[in-house]
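Below is one structure; the comments refer to it alone.
The values are calculated or read from the model by the stated rules, or taken from the named source; none is laboratory data. No experiment lies behind these values; they were computed from the predicted model shown. All Cβ positions, glycine included, derive from the backbone under ideal geometry; neighbour counts span all protein chains shown.
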Amino acid sequence: MLLDSLKRLLTAFGGLLLFGIAVSGHAGPLGNPIVVNTNTAGTQELSGQFALTAGGNGEKLVMWRDSPTNMTYVQRINSSGVLSPIKFPVANGNCISTDRIGNFAIIGSLAAITLYDRNGNIRTNAFRPNPGAEGGCVSLDTDGNLSAFYSVYSGGNRSLALRRFTVAGVALGNEIQITPPSTAVVVANSIASDASGNITVAWTINNPTTAGDVWMQRFNSAGVPLIGATPVVTAPSTQDGASLAVSPLGNFLIAWNSYETNNLQNAYVQRFNSAGAAIGSPIRITKTASSVFSLLNVSMMENGSFFAAWNIDNPTPGTWPLVVAQQFASDGAPIGSEFQVDLPGVAGRYANIASDLAGNFTVAWNAFDPVSGFDVKIRSYRIDTQPAITTLNSGQPAQGLTGAAGSWKYFKVTVPAGTTQMNVSMAGPAGGDGDMYIRFGGLPSATAWDIRPYVNGSNEVANISNPPPGDFYIAIYGYIAYSGVSLNVSY
């Protein structure tokens with residue numbers, strides 16, 4: 001069977017065929033921490049609480065600011081944790097979002113939004129969703145459309161609003177008011193879209209009577225509310241800093257920091273299903289209460305398992321806190337122990353975390369070293385339950401492949417931008433039957449795939465015109481035991 005377009009691929013990313021792999025082991029680092037900027041002296045820092053984002057193609061983008069020049073840059077990180085040497089100068093911003101092929105959007109302090117292509121070229125000049133808009137965050141969906149969540153200041157009052165735009169910055173409908181104007185301090189903390197385009201937002205409200213409360217609401221792809229504004233937690237303590245993570249299937253979790261007794265703090269998450277109903281009770285992520293702001297940041301896999309990064313007290317008095325991270329199962333049970341992201345004893349803060357669909361995740365943070373000063377660092381990890389994956393290069397086939405009935409073998413090819421044609425072919429002798437499954441950005445399975453020729457025998461071909469840049473994963477499933485099979489990719 002020949003597949004000459006990405007229709008199936010685009011349909012899958014519309015949310016029809018997305019399932020997760022199991023996550024039940026520990027994370028292994030893909031090398032030591034990497035200093036993002038090694039060419040400029042002075043202080044560098046992440047641009048905001050959401051300055052790291054993951055696309056559907058295995059890449060992550062990190063946004064950082066060079067303080068001496070007040071310049072902001074974006075750089076790519078591939079699924080193997082390699083930082084691109086190319087940095088794109090961009091508008092100052094505090095939140096970044098990317099689509100499935102690496103185009104990205106940035107929102108600044110006055111809710112000025114700029115859209116860029118994957119090469120850092122401006123696609124849409126800066127615009128504000130409302131003349132009174134302040135702060136906020138953005139999310140690009142699978143079609144490239146943008147949703148902006150921001151606060152509006154007018155007449156001494158503030159409210160929160162949501163508005164959607166095309167890739168050209170053209171408004172899709174009217175502004176949607178989420179909270180009514182009031183004198184309370186309302187903060188648009190985070191926004192995320194699932195594979196169907198549904199939108200989830202999380203915010204905090206601070207006023208003299210209720211202290212700090214975390215709220216959320218969920219909308220469909222047209223901006224129509226799926227549920228009403230809902231408080232995430234009703235505890236008497238003060239909550240702040242809502243961080244949101246959404247899986248492609250629409251289930252999500254919200255994390256926050258809680259100010260508790262004796263001026264100590266803890267961090268929690270609450271899990272939700274795709275309908276917005278809470279699953280179980282809030283789960284405390286921090287092991288012990290600390291004197292530092294936890295600044296919990298989370299990222300979620302398709303199957304509901306998740307990763308978290310936060311701050312803990314540094315045992316060395318008078319220094320910055322330490323950045324730690326941990327994996328959690330879909331029920332919130334911790335997997336392994338929390339681990340320090342940087343090298344032992346090195347202080348850091350404001351950790352961001354982002355993961356792809358294949359079980360790789362990256363943490364970015366502001367690091368302080370007594371010798372080098374303040375820098376932005378990144379470190380990438382791979383879950384140890386990820387199966388063995390063989391990397392393929394164009395025109396270099398894997399040969400002599402064998403597999404038992406019911407077995408799976410996995411391969412990965414990274415397609416560069418600008419590729420006009422990719423051909424995948426599998427060939428083998430009669431008598432066996434290996435089935436080829438192809439998926440963009442994530443490991444294929446019997447229920448999660450974008451291309452599956454599905455013919456008798458081990459001779460299958462898939463031709464993809466204008467493939468998007470990024471990681472394609474190819475699996476061979478042993479429908480019947482096979483041997484002597486070759487797999488070749490050319491582009």
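Can you tell me which residue among PRO225, PRO208 is modelled with pLDDT of 95 or more, surrounded by fewer than 18 Cβ atoms within 10 Å (Cβ to Cβ) and in the same structural domain as TYR259 (by TED's automatic domain parsing)? It is PRO225. Return yes or no: is GLY359 out of contact with any Gly (no Cβ under 8 Å at 6 or more places or on another chain) and either of a type in the set (Asp, Glu) or closer than 25 Å to VAL62 by Cα (or both)? Yes; evaluated as a whole, the condition is true for this residue. Looking only at residues of region 370-401 that are surrounded by fewer than 16 Cβ atoms within 10 Å (Cβ to Cβ) and part of a strand (DSSP E or B), we find that the one that is modelled with the lowest pLDDT is GLY373.
Say whether the condition of being in contact with a Gly (Cβ under 6 Å, 6 or more places away or on another chain), assigned to a strand (DSSP E or B) and on the phi < 0 side of the Ramachandran plot is met by at least one residue in region 201-215. There is at least one residue in region 201-215 that is in contact with a Gly (Cβ under 6 Å, 6 or more places away or on another chain), assigned to a strand (DSSP E or B) and on the phi < 0 side of the Ramachandran plot. Within region 354-366, residues that are more than 15 Å from VAL246 (Cα to Cα) have Cβ atoms under 6 Å from residues that are acidic (Asp, Glu) in these pairs: ASN366/GLU45, counting only partners at least 6 apart in sequence or on another chain. Which of the residues that make up region 412-466 are part of a loop (DSSP other than H, G, I, E, B), within 20 Å of SER483 (Cα to Cα) and either in contact with a Cys (Cβ under 8 Å, 6 or more places away or on another chain) or hydrophobic (A, V, I, L, M, F, W, C) (or both)? Selection gives ALA430, VAL455. Within region 49-77, being at positive phi and surrounded by fewer than 23 Cβ atoms within 10 Å (Cβ to Cβ) holds for one residue alone: ASN70. Restrict the check to region 381-397 and report whether at least one residue is under 15 Å from the mean Cα position of the chain (by Cα) and farther than 18 Å from THR288 by Cα. Yes: one or more hits. Looking at region 137-159, which of its residues are assigned to a loop (DSSP other than H, G, I, E, B) and not polar (S, T, N, Q)? Within region 137-159, ASP141, ASP143, GLY144, GLY155, GLY156 meet the criteria. Against the conditions (1) without any contact (Cβ under 8 Å) to a residue 24 or more places away in the chain; (2) over 30 Å from VAL363 (Cα atoms), TYR482 satisfies every one except (1).
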